[in-house]
1. Work out the charge dipole of the chain with +1 on the Cβ of Lys and Arg and -1 on the Cβ of Asp and Glu about the Cα centre, then indicate which of Gly225, Ala99, Val235 is farthest towards its positive end.
2. If you take the charge dipole of the chain about its Cα centre, with +1 on Lys and Arg Cβ and -1 on Asp and Glu Cβ, which of Leu53, Leu130, Ser153 is farthest toward its positive end?
3. Give Lys55/Lys101; Lys71/Lys298; Lys136/Lys292; Lys149/Lys227; Lys55/Lys281 a once-over and call out the pairs whose C-alpha atoms are over 20 Å from each other.
4. Considering the alpha-carbon set of segment 90-224 alone, what are its Rg and its Dmax in angstrom?
5. May I ask you to list the residues of segment 219-252 whose amide nitrogen lies under 17 Å from a point 7 Å from Cα along the Cα→beta-carbon direction of Asp172?
6. Could you give the radius of gyration (one decimal) and Dmax (whole number) of the Cα atoms in the chain, in Å?
7. Solvent-accessible area of Asp299, probe 1.4 Å, all protein chains present, reported in Å² to the nearest ten, please.
8. Hey, what D do you get for segment 218-301 in µm²/s if you plug the Kirkwood alpha-carbon radius into Stokes-Einstein at 20 °C and 1.002 mPa s?
Amino acid sequence: MIEFRDIELQDKELIDKFLINNPYRASESCFSNLYGWAHKYKTQFAVWRDYLLVKFTSDRGGCSYLTPFGKGNLASAIEMLVKECGCPVKFEMSGVTEAMKEEIERAMPKRFEYIRQRALYDYIYTSEKLINLSGKRLQSKRNHINRFKAQNSEWKYISITENISETSRCKDMLQKWYDLNRGSSDESLDLDFKSTSLYLDNFEAMELRGGAIEVDGEIVAFSLGAKLNADTFIVHVEKAYSEIQGAYPIINQEFVKNEASEFTYINREEDMGYPSLRKAKMSYRPDILLEKYIVKEKDQK
């Protein structure tokens, strides 16, 4: 039996050893994402031989796993997960990219079925695109930013990375943002608020980077993220007051320019199936729309 346990902040160094050099660029493959959303997915992990195993459990008792991360016999690691799975539904892995799918197929040919999950696709852009916003297709983004600057002459960018004390001001802004948007009965808003608070409370320990936009002494937007792998940075949080025109585009641009310009790619995570979020992410013309699969055992005939 594999002894899974809850993921904790002190597990970061151990988990990073398996994830920080992974080649997949998938949003699930970083500690800050796993830990930041553990309250929703009941995330647990185990180290088995030379593999990191990650398990999620739903409120209904079902469970799923990430593709094992490590080196060695992948088939043995997956087979161990299949035997370990005691959920009322059949074994499945989630967040499986095309590259992972190919590795699984080489290790265990024709054992599984692969079901595309559009809501889980990651939106990945070059940092150059998000910083420069070049071309006609991104003209509207430049226009919004120019209007923001024209209407807010006293604006400035603040690097939270260099001044961690600014997290308290971001928490104040987060509470105001939440109060303005909490009219919705959507549970996802509460979950998002909890995750963002967790990031701000543990900003330094999680080795996050952050930035904020200030207007007339008040923070009106902020963003948080982390190194995903050698060439990719992941943006976990982006908050802005929607009534301030251009607040979202300018924090998007300034954050990448100031905190993540050395990375080739920026992963802005999935849209979770929300039409408005999908429209916003597609409007930046992703360079890579990273496909994800749910992987299940084929029915035995």
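The values are calculated or read from the model by the stated rules, or taken from the named source; none is laboratory data. Because the structure is predicted, anything quoted here is derived from the model rather than measured. Positions of Cβ are generated from backbone atoms using ideal geometry, with glycine treated the same way; all protein chains shown enter the neighbour counts. Areas reflect the complete protein model, heavy atoms only, side chains present, ligands, DNA and RNA absent. Shrake-Rupley method; radii C 1.70, N 1.55, O 1.52, S 1.80 Å.
1. Looking along the dipole axis, the top candidate is Ala99.
2. After comparing all options, I get Leu130.
3. Violating the 20 Å limit, Cα to Cα: Lys71/Lys298; Lys136/Lys292; Lys149/Lys227; Lys55/Lys281.
4. Using the Cα atoms of segment 90-224, the pair Rg, Dmax is 20.2, 61 Å.
5. Label zone hits: 219-223, 240-241.
6. 20.0, 69
7. 120 Å²
8. In µm²/s, the coefficient is 145.
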